[in-house]
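Handing you this structure, nothing more for now.
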Amino acid sequence: MCGIVGAIGQRDISQILVEGLKRLEYRGYDSAGLALINDDNLIARIRRIGKVKELDEELKGNAQGRIGIAHTRWATHGKPVETNAHPHICNDTVALVHNGIIENHEALRESQSQQGYRFTSETDTEVIVHQIHHYLDNGGDLFSSVQAAINDLEGAYALGVISPTEPDSLIAARKGSPLLIGVGVGEYFIASDASALIPVTQQFIVLEDGDTARITRDGVEIHDDSGATVEREIHTSELRVDAVDRGEYRHYMLKEIYEQPVALSNCLEGRISANHVLEASFGHNAGDIFDGVKSVEIVACGTSFHAGLVGKYWLESIAGIPCNVEVASEFRYRKPVVRRNSLIITLSQSGETADTLAALKEAKQLGFGHSLAICNVAESSIVRESDLVMMTRAGPEIGVASTKAFTTQLVCLMLVVLVLGRRHGMPEKIEMDIVKELHSLPRKVEEALQLDDAIMEMSERFSDKHNALFLGRGAQYPVAMEGALKLKEISYIHAEAYPAGELKHGPLALIDEDMPVVAVASNNELLEKLKSNLQEVSARGGKLFVFADSSVSMKQGPDIEIIRVAAIDDSIAPMIYTIPLQLLAYHVAVLKGTDVDQPRNLAKSVTVE
C-alpha cells in the first residue's frame, strides 16, 4: 500500500521525509521517491526502485529543501519501474504524490493527450498532476487548481502537492484514503498515518473525506467537500517512537487483538468506494486475470487455512464459483487434478511459510492458473512468486497466536469474492450491501471488544479444564476451528471444533460436565438447526458457552452461559465472532499462567518443512 510523507518548515526537511518513509515500510512497497523545492526554486526529484535506504543513499548531499513530498509505491497501474514511481511532475511546475486509485484515469488521459500533455508513466496518478497543471495554467492558484482537479476525479485518493509557483504552500487532499497533518512549531507535515511522523510531532489533524488543506509555515487552512472553510480538531497521538512496544498491554497478543479496528480500516483503505470494490487495488493487470477465472484453489496452513475455509463458503454462496481449500502440506505431496483456469490463492501472514510457498510453486508448475497472494509482509517470498498481491496491512504482529492477520485475511478474501462475483452473475445489489457492511466493520469490531470483561469472567470456568469442544455451522464452522486453535495454542487445553450437525455422529460421546462446549450462534438460516444441536448437548449434561446474536431467542440457564453479540449482517459475521473467541483464549491462557506470546514448541513463521 502506498505511503505518503510531506513537510514544510524553516529547516532542511529531506531527512524527515526519508525517516517518515522508513517508518511506513511495513505497508508494503516496490519503489520510493521524493521531491523538494530547492533554494533555486526548482523541483529536485529522486526516485528509486527497491528499498528506501537506496533512496536515502542517493539523496545525501544531492538535494535539500524546506518543503517537499515523498512516497512509497505499491504498483497498481503500471509495473514497478522508476518511471512509474512517485512523485510525478508536470512541466517542471507541479509535483504530486498519490495514494489510491483513480477509476476514470483512461478518460482523463485521452482528454489530456488531446490537449498536448505528454505522459511519461503508465500510472493513473499522472492524470492528476496534469489536471492540476491545466487549471494552474489557466490562471488558478495552486490551492484552487487542486480543488478544481479533484472535482474531475472518480475513485479514491490522498494527495500531497507542491509547486515552485507557490514555494511556501503544501496542498493536501483526501477522499477514501486517509491523510493527516502533523502540527509542529513553525513547521507542518502530512502523512498516511501517524507512525511516519512520531519522531517530529505527536499533534495531528485528521483530514475528513473530501477535505482539501493549504499548509504554510504559518498555519493550516482546511476546506470541506462543499468548499467551506472548516476547523478540524488537533489530536495528541499516544503512539510512541517504538511502534512494537506493548504499551499499556500485558501481552502483545492482547495489544494486537485491540489493534484490529485500525488494522481492518487500513486493510479496506482505498480499496472500496461508497458502494463497490475498486478492482485495480489487486494490481494493474488484475481485471484481465479475473476475467479468466473459472474456479479457485486456496492453499494455506494453520490460521490462514481457517480463513481460506471461510472464503470457500463465500466464494460458492455469494460469487457462485467452485472453490477448493487445502492444507498446503497436503497439496504439495499429492497429485491434484489440474484445473487450468483456477486462481491459486495463497494465504500467509509472513509470506515465508515453507509448505505454502512450495505448494504455490507446485501449482504454477502444474499449470493451474494465475496466483494471488494475500499476505502481511511485502518483501516475502510468496509475494514475489505471485502474479497478484493483496497486502493485509495488519501491521507488525508479534504474538505467535495470530489475531489481526486472520481478520484482515477475511476482509481481503471478501474483496476477492466480490470482484469475481461480478463476473459470475452476482447481482450488483449484493456487492453494494456487502460493501456497506464492510464500511461498518471497524466500528462493529470495537463493539465486540467491549465484551472483554464478560469474557474474562467466563474464562474462569475453563481454568481447570483439559478439553473443550467448539461448534459452528456454515461459515461459522471455520471460525469455531480458529477459536479451538487459539485455545490450544496458548492455554494448552486440548480443543477441537466440529460442524454442529456432526455431534450425533461421534462427538456426543465426549459430552459430560467436564467438557465445556463453546458455540457460535450468529443469526442466519442455520440458526434453528444449531439450536437443536445445542439442545442435544444440554440433554446430556454438557456445559454450554454460547456467543449469540442479540436478536436470537435463547435463554440462559444453569448449564448454558450466553454472551450477546450485537446484531450483525451475516456477510461480516465471521470477522466479528472471531473477536470474542480470541479474547476467551487469551484470558484462559493468562489464568493458566502460560507464555501467551511465545507458547511452547511454536514459532511465528514456519519457514522449514
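The values are calculated or read from the model by the stated rules, or taken from the named source; none is laboratory data. Keep in mind that this is a model prediction, so the values were computed, not measured. All Cβ positions, even for glycine, are placed from backbone atoms using ideal geometry, and neighbour counts span all protein chains on display. In case anyone asks, the SASA skips ligands and DNA or RNA and just uses the protein heavy atoms, side chains included. Shrake-Rupley method; radii C 1.70, N 1.55, O 1.52, S 1.80 Å.
From zero up to wherever the largest Cα-Cα distance of the chain sits, split into 20 Å bins and tell me the percent of pairs in each.
20, 50, 26, 4, 0
Along the positive direction of the dipole of the chain (beta-carbon charges: Lys, Arg +1; Asp, Glu -1; about the Cα centre), which of Gly227, Ser386, Ser342 reaches farthest?
Toward the positive end, the furthest listed residue is Ser342.
Along Cα→Cβ, 7 Å out, is where each label goes; now give me the distance between the ones at Thr83 and Arg600 in nm to one decimal.
Going by the 7 Å Cα→Cβ label model, 6.0 nm.
Please list, by residue number, everything in region 310-351 whose backbone N is under 14 Å from a paramagnetic label point 7 Å out along Cα→Cβ of Gln365.
Under 14 Å, as judged by backbone N against the label point of Gln365, lie 331-336 of region 310-351.
Also, I was wondering about something else. Highest mean first, what order results for 286-292, 493-499 on Cβ atoms within 10 Å?
493-499, 286-292
In angstroms, what radius of gyration and Dmax does region 322-445 have, counting Cα atoms only?
Spelled out, the Cα radius of gyration and Dmax of region 322-445 are 15.5, 44 Å.
Evaluate the charge dipole of region 191-309 about its Cα centre and quote only its size in Debye, nearest 20, assuming +1 on the Cβ of each Lys and Arg and -1 on the Cβ of each Asp and Glu.
440
Helix 105-114 versus the longest principal axis of the chain: what is the Cα-based angle in degrees, 0 to 90, to the nearest 10?
In the chain, helix 105-114 runs at an angle near 20 degrees to the longest axis.
Given the options Thr353, Ala158, Ala448, identify the residue whose Cα lies farthest towards the positive end of the charge dipole of the chain (+1 on Cβ of Lys, Arg; -1 on Cβ of Asp, Glu).
About the Cα centre, the residue reaching furthest to the positive side is Thr353.
Glu496 versus Ser111, label points 7 Å from Cα toward the beta carbon: distance in nm?
Here the answer is 6.4 nm between the modelled labels.
Right, another one. For a quick check of your reading of the filter: which chymotrypsin sites (Phe, Trp or Tyr not before Pro) in region 303-340 sit in a DSSP loop and have no more than 14 other Cβ atoms within 10 Å?
Tyr333
Sticking with this one: For region 19-99, just say rounded, prolate or oblate: build the C-alpha gyration tensor, square-root its eigenvalues into a ≥ b ≥ c, call rounded for a/c under 1.5, and beyond that prolate if a/b exceeds b/c, oblate if not.
Oblate shape, in that a/c is at least 1.5 and b/c is the bigger or equal ratio.
A follow-up question, please. Grab the beta carbon distance between Ser532 and Ala509, set R0 = 22 Å, and tell me the FRET efficiency rounded to 0.05.
According to the calculation, E is roughly 0.75.
What's the extension gain from Asp141 to His439 if we count 0.36 nm per residue and subtract their Cα-Cα distance?
Full extension of this stretch gives 103.8 nm more.
Taking +1 at the Cβ of each Lys and Arg and -1 at the Cβ of each Asp and Glu, which of Gln598, Asn84, Ser273 sits farthest along the dipole of the chain towards its positive end, judged by Cα position relative to the Cα centre?
Gln598
I would also like to ask the following. Computing the accessible area with a 1.4 Å probe over protein heavy atoms, can you report the carbon and sulfur percentage for region 33-80?
41
Could you size up the charge dipole of the chain around its Cα centre, putting +1 on the beta carbon of Lys and Arg and -1 on that of Asp and Glu, and report it in debye to the nearest 20?
1580
Just flag the trypsin sites (Lys or Arg not before Pro) in region 63-147 sitting in loop per DSSP whose Cβ has no more than 14 other Cβ atoms within 10 Å.
Arg118
What full-extension length gain, to one decimal in nm, is calculated for Thr93 and Gln10 as 0.36 nm per residue of separation minus the Cα-Cα distance?
So the extension gain works out to 27.7 nm.
Oh, and also: Could you tell me which of rounded, prolate or oblate describes region 135-210, using a ≥ b ≥ c as the square roots of the eigenvalues of the alpha-carbon gyration tensor, with rounded for a/c under 1.5 and, failing that, prolate when a/b is larger than b/c and oblate otherwise?
oblate
What distance in nm lies between label points placed 7 Å from Cα along the C-beta direction at Glu460 and Asn104?
For the pair Glu460/Asn104, the computed spacing is 6.1 nm.
With a cut-off of 17 Å, note down the residues of region 337-359 whose backbone N falls inside the zone around a label point 7 Å from the Cα of Lys294 toward its beta carbon.
Once the point is set 7 Å along Cα→Cβ of Lys294, 337-344 turn out to lie under 17 Å by backbone N, inside region 337-359.
Another question about this same structure. Please give the helix 14-23 orientation as an angle from the longest Cα principal axis of the chain, in degrees from 0 to 90, rounded to the nearest 10.
So the helix axis and the longest Cα principal axis differ by about 10 degrees.
So, one more: Using the beta-carbon distance between Ala148 and Ala274 and R0 = 25 Å, what value does 1/(1 + (r/R0)^6) give for FRET efficiency, to the nearest 0.05?
0.70
Still on this structure: Below 8 Å between Cα atoms, with a sequence gap of 6+, how large is the relative contact order for region 201-340 in percent?
With pairs under 8 Å counted, the relative contact order is 13 percent.
In the chain, what percentage of the DSSP-assigned beta bridges are antiparallel, given to the nearest 5?
Percent antiparallel among DSSP bridges in the chain is about 60.
Counting alpha carbon pairs within less than 8 Å and at least 6 residues apart, what relative contact order, in whole percent, applies to region 339-483?
The value is 14 percent.
Additional query: Taking 0.36 nm per residue of separation and subtracting the Cα-Cα distance, what length does fully extending Glu446 through Val230 add?
Result for the pair: 74.9 nm of gain on full extension.
Rounding to the nearest 20 debye, state how big the charge dipole of region 250-330 is about its Cα centre with +1 on each Lys and Arg Cβ and -1 on each Asp and Glu Cβ.
300
Does anyone have the angle between helix 573-592 and the longest principal axis of the chain? Alpha-carbon axes, 0 to 90°, nearest 10?
Tilt relative to the chain: about 70 degrees.
Could you tell me the center-to-center distance, by alpha carbons, between region 421-463 and region 31-62 in angstrom?
42
Relative contact order, percent, of the chain when contacts are C-alpha pairs under 8 Å separated by at least 6 residues?
It comes to 11 percent, rounded to a whole number.
Hey, another quick one. For region 98-161, rounded, prolate or oblate, judged on the Cα gyration tensor with a ≥ b ≥ c (square roots of eigenvalues), a/c < 1.5 rounded, else prolate if a/b > b/c?
oblate
So, one more: Of the listed pairs Lys175/Lys429; Lys488/Lys543; Lys436/Lys543; Lys404/Lys543; Lys312/Lys592; Lys504/Lys592, which have alpha-carbon separations greater than 26 Å here?
Too far apart for the 26 Å limit: Lys436/Lys543; Lys404/Lys543; Lys312/Lys592; Lys504/Lys592.
Here's something else I'd like to know. Can you give me the convex hull volume of the Cα atoms of region 405-502, divided per residue and expressed in Å³?
128
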